[in-house]
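Readers should treat all values here as calculations from the given coordinates under stated rules, not as data from a laboratory. Fair warning: this is a prediction, and the values are worked out from it, not measured in the lab. Because the Cβ atoms are built from the backbone with ideal geometry, glycine has one as well, and the counts that use them run over all protein chains shown.
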């Protein structure tokens, strides 16, 4: 069995693009492989030290050297990107959007509209990201920026997302998210037009568990 060298990216959250649990390696034929799901077990592993910092700071200003292309939009808050010879999934931090139906079951009101909005904003576009670590399903929790705009906040401001009802990363400015939500709610944009009949995605998931 051919041996492969695995390089594990483990960088801190001090403003750096954080791609923990994404492994990439080159086999004996010179072909590069990558995975953010699992890694081969029959290989020698080498850790890239933080001091090497192969990724520079990512801020709201466009950094063309480290742009990623959005190749798929799964729903209103989850996308897949590619760049730097990697392909991985991002769960947009700080927001939660209405759920899309599955297995031919009806989804939540505004679920499809939220996905369509995100497609319009980022699909097939080059974006920069600021990550806050790894969340459930081994997805990167991140803010996405395009053309100088924070897309996470754009989804909140347009009324296509609510502020995530859970723990926020300490370094994420939650105040801006709640302010954007209050403004959208006041103007009854998107999901907020439902008034008292509105259910948060969290509540909807609780009432419609996946079997």
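Label separation (residue 120 vs residue 197): 2.3 nm, computed from points 7 Å beyond Cα along the C-beta direction. Going from the fewest other Cβ atoms within 10 Å to the most, the residues 191, 156, 100 appear in the order 100, 191, 156. Ordered by the number of other Cβ atoms lying within 10 Å of each residue's own Cβ, fewest first, 207, 123, 99 fall into the sequence 207, 123, 99. Rounded to whole Å, the principal axis extents of the Cα atoms in the range 102-206 read 35, 35, 28, largest first.
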